[in-house]
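Novice: There's a structure below that I have some questions on.
The values are calculated or read from the model by the stated rules, or taken from the named source; none is laboratory data. These numbers come from a predicted model, not from an experiment. No Cβ is skipped: glycine too gets one built from the backbone with ideal geometry, and neighbour counts run over all protein chains shown. Heavy atoms of the whole protein, side chains included, go into the accessibility calculation; ligands, DNA and RNA do not. Shrake-Rupley method; radii C 1.70, N 1.55, O 1.52, S 1.80 Å.
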Amino acid sequence: MRIPRHVAIIPDGNRRWAKEKGLPTFEGHRRGFDQIIKISKKARELGIKVLTFWGFSTENFGRTEEEKTYLWRLFIQAIKKYKNDALKEEIRIIHLGRKDRLPEKLIKEINDLINLTKDFNRYYLAIALDYGGRDEILRTIKKIKKKDFSIDNLNDKIFNRFLDTGFLPYPDPDLIIRTGGEQRLSGFMLWQGAYSELCFVNKFMPDFDEKDFLKCIDEYSLRERRFGK
C-alpha cells in the first residue's frame, strides 16, 4: 500500500449526526472529537508523517455564543487529553490559522503544547483553528510585505515559507478527506491542496472510524498522481 505523507481531514457532520439521533449539538461535537483521537492513532500506526484537522473555520464565528463556548471548552479538554500522547509519541503540534480571536485560555493551552513539542520531528499534528484558506493567503501576503521582499523575486518556495504550514516537512497534503457527504473544500488549504487527492465520505464524523480511514488510504494508494506531467 502506498502511504501518503500528509493527510488532511475536514471533519464535517457533527451537528447533523446529533440532530438525526435526537441528541444535543454538543454531543455530536464530543463524539466527533473522540473519533479524531482514534484516527490520529491509526495514522501514526500507518506511518503517516503529517496529519491535519480543520477544527474551526473563520466562518464558524457566525455560530451561537453557546455553541462556540462549548467548542472552546472541548478544544481545551482535547489538548490536555492529547498532551501525553504528543509527548510519548514525539508529535510536534502546529497551529494553522489566526489566534487573535480565540479565547486567551485556549491560546495558552495551544501555545504551551506547541512549545513542549517544538523539538519533535517524528510526527506532526496540525490543528486548524480559526482557519480559512483565503484568510491564510491574505495573511501570508502581509507577512511577506513586512519583510520587504521584492515582488519580482517572489516564487512558490518563498511563499510556502510564510504560510501557516511553513513549519511542516510536507506542507502540501497528499490526500484531503471530507466527511459528512459534502463534496467541496469550503476554502480549506487552497494553496497547499492544489494537487491533493480528494476523498469525500458519505458518513458524519462521529461515525467515521478507523476502517473508513483505511478505505480512504486504500483508495489513495490506487490512484496515479501525475501532477500535470
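Novice: Which pairs have Cβ atoms under 7 Å, sit 6 or more apart or on different chains, and link a residue in the range 63-90 that is at positive phi to one that is open to solvent by 70 Å² or more (accessible area, probe 1.4 Å)?
Specialist: Listed by first residue and then by second, the contacts come to E90/R122.
Novice: Let me ask something else about it. Return the residues of the range 71-94 that are open to solvent by 20 Å² or more (accessible area, probe 1.4 Å) and either in contact with a Ser or Thr (Cβ under 8 Å, 6 or more places away or on another chain) or farther than 17 Å from K105 by Cβ (or both); say none if nothing qualifies.
Specialist: Scanning the range 71-94 gives N84, D85, L87, K88, E89, E90, R92.
Novice: Identify, please: which residue in the range 167-181 is touching a Ser or Thr at 6+ places or on another chain (Cβ under 9 Å) and open to solvent by 30 Å² or more (accessible area, probe 1.4 Å) and is, among those, farthest from I114 (Cα to Cα)? Before the answer, list the steps.
Specialist: Of all residues in the range 167-181, those touching a Ser or Thr at 6+ places or on another chain (Cβ under 9 Å) come to 168, 171-176, 178.
Still in the list and also open to solvent by 30 Å² or more (accessible area, probe 1.4 Å): 171-172.
Working: P171: 17, D172: 20 Å.
Here the residue is D172.
Novice: Would you mind stating whether E219 is open to solvent by 30 Å² or more (accessible area, probe 1.4 Å) and in contact with an Asp or Glu (Cβ under 9 Å, 6 or more places away or on another chain)?
Specialist: Details: open to solvent by 30 Å² or more (accessible area, probe 1.4 Å): yes; in contact with an Asp or Glu (Cβ under 9 Å, 6 or more places away or on another chain): yes.
Yes, satisfied.
Novice: Sticking with this one: Can you tell me which residues in the range 43-60 are under 23 Å from M1 (Cα atoms) and open to solvent by 50 Å² or more (accessible area, probe 1.4 Å)?
Specialist: Passing the criteria: E45, K49.
Novice: From the list T52, T69, which one is out of contact with any His (no Cβ under 8 Å at 6 or more places or on another chain) and among the hydroxyl-bearing types (S, T, Y)? Talk me through it step by step, then tell me what you get.
Specialist: Numbers: T52 fails: out of contact with any His (no Cβ under 8 Å at 6 or more places or on another chain).
One residue alone meets the criteria, T69.
Novice: Could we say that E224 is of a type in the set (D, E), open to solvent by 20 Å² or more (accessible area, probe 1.4 Å) and either at pLDDT 95 or above or part of a strand (DSSP E or B) (or both) here? Reasoning before the result, please.
Specialist: Numbers: of a type in the set (D, E): yes; open to solvent by 20 Å² or more (accessible area, probe 1.4 Å): yes; either at pLDDT 95 or above or part of a strand (DSSP E or B) (or both): no.
No: the conditions fail for E224.
Novice: Residues I39, I93, I9: which one is under 17 Å from the mean Cα position of the chain (by Cα), more than 15 Å from P206 (Cβ to Cβ) and among the β-branched types (V, I, T)?
Specialist: On the way: I39 fails: more than 15 Å from P206 (Cβ to Cβ); I9 fails: more than 15 Å from P206 (Cβ to Cβ).
So the residue among I39, I93, I9 that is under 17 Å from the mean Cα position of the chain (by Cα), more than 15 Å from P206 (Cβ to Cβ) and among the β-branched types (V, I, T) is I93.
Novice: R16 - would you say it is within 19 Å of F213 (Cα to Cα), open to solvent by 30 Å² or more (accessible area, probe 1.4 Å) and assigned to a helix (DSSP H, G or I)? If you could, list the steps in order and put the result at the bottom.
Specialist: Values: within 19 Å of F213 (Cα to Cα): no; open to solvent by 30 Å² or more (accessible area, probe 1.4 Å): yes; assigned to a helix (DSSP H, G or I): yes.
Criteria not met by R16.
Novice: I need the full set of residues from the range 163-177 which are at pLDDT 95 or above and assigned to a helix (DSSP H, G or I), in order please. Steps first, please.
Specialist: Our first condition is that a residue be at pLDDT 95 or above; within the range 163-177, this holds for 163-166, 168-177.
Those that are at pLDDT 95 or above and assigned to a helix (DSSP H, G or I): D164, T165, G166.
Residue-wise test of (1) open to solvent by less than 70 Å² (accessible area, probe 1.4 Å); (2) in a loop (DSSP other than H, G, I, E, B); (3) small (G, A, S).
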site	(1), (2), (3)
K99	no, yes, no
I110	yes, no, no
F120	yes, yes, no
D130	yes, no, no
R139	yes, no, no
I144	yes, no, no
R161	no, no, no
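Novice: Now a separate question. Which ones in the range 182-209 are in contact with a Lys or Arg (Cβ under 7 Å, 6 or more places away or on another chain), within 18 Å of T58 (Cα to Cα) and open to solvent by 50 Å² or more (accessible area, probe 1.4 Å)?
Specialist: The answer is L190, and nothing else.
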